[in-house]
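For reference, the structure discussed in these notes is given below.
The values are calculated or read from the model by the stated rules, or taken from the named source; none is laboratory data. In this text, all values refer to a predicted model and were calculated from it rather than measured experimentally. Cβ placement follows ideal geometry from the backbone for every residue including glycine, while neighbour counts extend to all protein chains displayed. Side chains are part of the model used for accessible areas, which takes the heavy atoms of the whole protein and leaves out ligands, DNA and RNA. Shrake-Rupley method; radii C 1.70, N 1.55, O 1.52, S 1.80 Å.
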Amino acid sequence: MHKQTHFTLLLAVSFCGILSIAGASDAMVVRSGSGAEVHVALDANTRPVTWSASIADAQRIATEKQRPFIIYFCPADLAAVAGGDEQAFSDYRKSHSGDSPDWTVFDSPRMTAEMNKIGIAAYVKIADTAGNAKLLARYGVKPGTAGGTLVYCTPEGEAFTRSGASQEDVLDAIFSLHERYVDWRDRDTNVALADDMRFR
């Protein structure tokens, strides 16, 4: 039986009011000549998150803060550039014939601000490669998922929910994160949890 967990969840804006949170101000455009609507990021995020070097490092930070952390399982070619700085964007263009990378929620200052407001303690990227197959399997991520998958973890490193990597999927996840956590906690009575994982 789990000890009672207390939460504080302060939402700065309503969910309905931010479904169009990313746009031209985030330097996002539709890639020309693409059969499908693919958005590309033209510039680095002006309000970037700090990426941890490993899942262990992200978990350590989350434990110190007693808040959740996110693992972003992403396509291999985005692992070095998603949510990166101007140098990462420059390096990507040099190695991709001048093309800009696909847009991710981590390239949007508005999106990363909302993730931080909700109380995400740390972030780590894991490339979707054969070498990381065991990690994908451990966290219930299907290899080759377009755009990648976000896995939301407790400070103990347990995945309590997942989402797609689109703007809509991530917003839905972060604005229901408390409820998702409680649902998971109440279903899984075999996981030892900290007394107090906080959401702002």
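Using modelled backbone amide H atoms (1.01 Å from N, in-plane), which distant-in-sequence or interchain residues come within less than 5 Å of I120's amide H?
The answer is none.
Stretch K142-A80 to full length: gain in nm at 0.36 nm per residue minus the Cα-Cα span?
Additional length available on full extension: 20.3 nm.
When a/c is below 1.5 the answer is rounded, else prolate if a/b is larger than b/c, else oblate, so apply that to segment 61-142 with a ≥ b ≥ c taken from the square roots of the Cα gyration tensor eigenvalues. Don't skip to the end; give the middle numbers.
Numbers: a/c = 2.52, a/b = 1.27, b/c = 1.99.
Note, shape of segment 61-142 comes out oblate.
Calculate one ³J(HN,Hα) per residue across segment 135-147 by plugging θ = phi - 60° into the Karplus curve 6.51 cos²θ - 1.76 cosθ + 1.60, and present them in order as whole Hz with x for glycine and proline.
In residue order, the calculated couplings are 5, 4, 5, 4, 9, x, 9, 7, x, x, 5, 4, x Hz.
Skipping prolines and chain starts, which residues have an amide H placed within reach, meaning under 5 Å, of the one on T161, given they are 5 or more residues away or on another chain?
Y152
Quick check for you: with a 1.4 Å probe and neighbouring chains kept, what is the accessible area per residue of segment 84-185, in Å²?
Accessible area per residue, segment 84-185: 40 Å².
Between A133 and V182, what's the calculated FRET efficiency when r is the beta-carbon distance and R0 is 45 Å? Round to 0.05.
On the way: r = 31 Å, r/R0 = 0.69.
Once the sixth-power term is evaluated, E becomes 0.90.
Set the Förster radius R0 to 41 Å, insert the Cβ-Cβ distance between D57 and S97 as r into 1/(1 + (r/R0)^6), and round the FRET efficiency to 0.05.
Working: r = 34 Å, r/R0 = 0.82.
Approximately 0.75, to the nearest 0.05.
From the phi angles alone, apply the Karplus equation (6.51, -1.76, 1.60; θ = phi - 60°) to segment 101-108 and give each ³J(HN,Hα) in whole Hz, x where the residue is Gly or Pro.
x, 4, 6, 10, 4, 7, 9, 10
In the neighborhood of I174, defined by Cβ-to-Cβ distances under 9 Å, what is the net charge if each Lys or Arg adds +1 and each Asp or Glu adds -1? Don't skip to the end; give the middle numbers.
Working: positive: K117; negative: E114, D172.
Net local charge, I174 excluded: -1.
Give a residue-ordered list of calculated ³J(HN,Hα) values for segment 81-95 (Karplus: 6.51 cos²θ - 1.76 cosθ + 1.60, θ = phi - 60°; whole Hz; x for Gly, Pro).
Result, ordered by residue: 10, 4, x, x, 8, 4, 5, 5, 5, 4, 5, 5, 4, 4, 8 Hz.
Fully extended, how many nm does the chain gain between A88 and E156 (0.36 nm per residue separation, minus their Cα-Cα distance)?
21.4 nm
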